[in-house]
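Notes follow the structure.
The values are calculated or read from the model by the stated rules, or taken from the named source; none is laboratory data. Please read all numbers here as calculations on a predicted model, not as lab measurements. Here Cβ is always computed from backbone atoms with ideal geometry, including for glycine, and neighbour counts include all displayed protein chains. When the accessible area is computed, the model is the full protein with side chains, heavy atoms only, and any ligands, DNA or RNA have been set aside. Shrake-Rupley method; radii C 1.70, N 1.55, O 1.52, S 1.80 Å.
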Amino acid sequence: MNKAIKIGIISAVAAILLVLPHLFTMDYYLHIFVMSEIYAVLALSLALIVGFSGQVSMGHAAFYGIGAYVSALLSTKMGLPFWVNFWISGAAAGLISYIIGKLVLRLRGHVLAITTAFFCVLVNVIMVNWIPVTNGPMGIAGIPRPTPIDLFGYRLVFETRMHYYYLGLLFVAIVAWFFYRITTSRMGDNLIGVRENEELAKSLGIDTMRNKIFAFSVGGALAGLAGSFYAHYILFISPVTFTIGESINILVMVIFGGMSTLLGPIFGAILLTILPEFLRMAGALRLVIYGVSLVCFIIWLPQGVWGSIKNWWINKKSSESVE
C-alpha cells in the first residue's frame, strides 16, 4: 500500500470520525462512542505490554482504577482541575506499575498472569475497604467536569457528550501516535525481540528486563490517564468498575483486534464495546451469543481481526510480486 493510499484512507477515516456525532446525536449513541474511545486507549496501553513485549498481564484494570481514584480524590478533596489531575493520575499509575514491574516481571507465562491478577484483586480490595479515603463500596460521587479552557481564541467547555467525544478522539489520536512512535523505534524492535525469544535477545546485548519494565510502566501510565478521563466523564466511580473481569475484558479486546498491530486494539475495543449493545435485543441469550461469537473469532482468526486482515494483504502483495 503506497503512501498516497494510506493518506487517503486516514483522511477518510478522520472525516467520518469528525462527523459521526452529528449523524448519531442521541446521548445513548454518544455515550457508547465515548466509552469506545476510553477502551481504545486501554487496549492500546495493554497491547504494548502483551502484544509487543509478550508479558501477559491480567491486572490492567488496577492501573485504570488507580488513575480514576487519584483524579477523583484530587478533584473532590483538593479542588484541583482535571487538566492537572489528568497528568498526576498518569504519573501515579505509571510509578506504581514501574514498582510492580520490578517485582513481578522476572516471572513468565501463566505465573505472571496469575500474579498480576492477584494484584488487581488486591487493589480492588483496598478500594472497597479503605473507606476513609475511597468511600468504600459507595464510591466517589460529585466529580467535577473538566473546566473550560481557551484554545486559539475559542473557549472550550465540556458540558455535553459530544464535547467529551471530541476530547476523547483527540486523546486516542495522541496515544495512537505515541504508540506508533514507540513500536517503530529501536525500543519497539527490542520489545519484539524480547517477545519472540528472550534468551536470544539477551545474547544480542538487549537489556530484556529494562525493556519489559519500560513497556509495563508506559502501559500502566496510559491506563491511568484513561482512568482519569473516565472519572471526569462519568462523574462517579466505584470499585465495581475496576475488577479482574474488567482486566479480562480489556485483554479480550486486544486479542480480538490483533495484539501486535496499531489498529487492532482500537478496532477490538470499538467492536467489543458496540457489539454487546446491539445484542441487547436478544435478551437472556445476549451473553451466550457474545461468548460464542468471541470463541469463533479467536478460533478462525487467531491473529485477531485486524492482524488477519494485515497478513492477508501482505500475502496478497507477495503473491502478486512473484507473479
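Give me the distance between the Cα centres of region 210-285 and region 72-98, rounded to whole Å.
Each part's Cα centre sits 20 Å from the other's.
Could you calculate, for region 155-260, the ratio of the Cα radius of gyration to the Kirkwood radius, expressed as Rg to Rh?
Ratio value, two decimals: 1.06.
Within region 1-141, what whole-number % of the accessible surface is contributed by carbon and sulfur, with the 1.4 Å probe and all protein chains included in the calculation?
Looking at region 1-141 in its full context, I get 76 percent from C and S.
Pick out, in residue order, every one of the trypsin sites (Lys or Arg not before Pro) in region 116-220 that is DSSP loop and has at most 16 other C-beta atoms within 10 Å; say none if there are none.
Here no trypsin sites (Lys or Arg not before Pro) fit, given the DSSP loop and packing criteria.
Assuming 0.36 nm per residue, please report the length gained on full extension of the stretch residue 77 to residue 235 beyond their Cα-Cα distance.
The span from residue 77 to residue 235 would gain 55.5 nm if fully extended.
Keeping all protein chains in place, calculate the accessible area per residue for the chain (probe 1.4 angstrom), answer in Å².
52
Which FRET efficiency value, to the nearest 0.05, is calculated for residue 156 and residue 248 with the Förster distance at 51 angstrom and r the Cβ-Cβ distance?
Once rounded, the FRET efficiency stands at 0.90.
Which distance in Å, rounded to a whole number, links the C-alpha centroids of region 23-41 and region 122-163?
First find each Cα centre; the distance between them is then 18 Å.
Quick one: length gained pulling residue 10 to residue 182 fully straight, 0.36 nm per residue minus the C-alpha distance?
59.9 nm
Quick one: how many Å² of residue 110 are accessible to a 1.4 Å probe, rounded to 10?
Using a 1.4 Å probe on the heavy atoms, I get roughly 140 Å².
Take the chain, compute every pairwise Cα distance, and split them into 10 Å bins from 0; I just need the percent in each bin.
Result, from short to long distances: 6, 24, 34, 25, 9, 2, 0, 0 percent.
Taking the Cα of residue 203, stepping 7 Å toward and past its beta carbon, and measuring to each backbone N in region 149-189: which are under 12 Å?
none
What full-extension length gain, to one decimal in nm, is calculated for residue 22 and residue 145 as 0.36 nm per residue of separation minus the Cα-Cα distance?
Using 0.36 nm per residue and subtracting the Cα-Cα distance, I get 42.1 nm.
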